[in-house]
Amino acid sequence: MVRNFQAAVEDWDEVCSALGAWEAEHLTRDEIGPAGQQHRRWVTELLSWGRLVQRATQQPEFPDKGLASRVDARVRHLEDKLSLWHGDMPPAEQDRILQAAFK
């Protein structure tokens with residue numbers, strides 16, 4: 001069962017990673033338009049699933065602490081994406097995240 005769970009998390013993580021390339025192609029800081037609506041839906045869905053997985057991996061008896069750390073990092077990354085593209089974030093913080101994401 002853990003192996004199937006790990007495979008599902010790997011799939012989720014790959015989709016999350018692929019989102020960065022899509023953002024670079026379809027979103028700009030000045031005008032996100034209809035692509036922004038799609039982006040918000042995707043990030044919200046990925047974040048929702050990630051938080052569910054995070055609850056499971058935070059259990060003390062969860063055996064793979066490395067996977068738990070990766071899930072935590074990815075959830076924070078998705079939260080940053082949501083704030084950056086769709087929330088009220090100061091311009092300096094936006095620049096910091098964009099610099100880190102598109103190095």
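The values are calculated or read from the model by the stated rules, or taken from the named source; none is laboratory data. These numbers were taken from a predicted model, which means no experiment stands behind them. Methodologically, a virtual Cβ is constructed for each residue, glycine included, from the backbone with ideal geometry; neighbour enumeration extends over all protein chains shown.
So here's what we get for this one:
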read-out	value
Answer from VAL71, VAL75 - the residue that is under 23 Å from LEU27 (Cα atoms) and out of contact with any strand residue (DSSP E or B) (no Cβ under 7 Å at 6 or more places or on another chain)	VAL75
Residue identified as at pLDDT 95 or above and either surrounded by 15 or more Cβ atoms within 10 Å (Cβ to Cβ) or in a helix (DSSP H, G or I) (or both) among ALA73, ALA35, ALA21	ALA73
Condition check for THR44: more than 16 Å from the chain's Cα centre (by Cα) and of a type in the set (Ser, Thr, Tyr)	no
Unique match (being farther than 21 Å from GLN99 by Cβ and over 9 Å from the mean Cα position of the chain (by Cα)) among ALA21, ALA68	ALA68
In the range 87-103, the residues that are in contact (Cβ under 8 Å) with a residue 60 or more places away in the chain and either surrounded by 11 or more Cβ atoms within 10 Å (Cβ to Cβ) or part of a helix (DSSP H, G or I) (or both)	GLN94, LEU98, ALA101
Single residue of LEU84, LEU52, LEU46 found to be among the aliphatic types (A, V, I, L, M), touching a Cys at 6+ places or on another chain (Cβ under 9 Å) and either in a helix (DSSP H, G or I) or at negative phi (or both)	LEU46
Residue check, GLU61 surrounded by fewer than 15 Cβ atoms within 10 Å (Cβ to Cβ) and not in a helix (DSSP H, G or I)	yes
Checklist (1) in contact (Cβ under 8 Å) with a residue 12 or more places away in the chain; (2) in a helix (DSSP H, G or I) applied to GLU14, failing item	(1)
Tabulated pairs, the range 45-68, first among the aliphatic types (A, V, I, L, M), second in a loop (DSSP other than H, G, I, E, B), C-beta under 7 angstrom, 6+ apart or interchain	ALA56/PHE62; ALA68/GLN58; ALA68/PHE62
Among residues of the range 20-44, those that are touching a residue at least 40 places away in the same chain (Cβ under 8 Å) and touching a His at 6+ places or on another chain (Cβ under 8 Å), counted	7
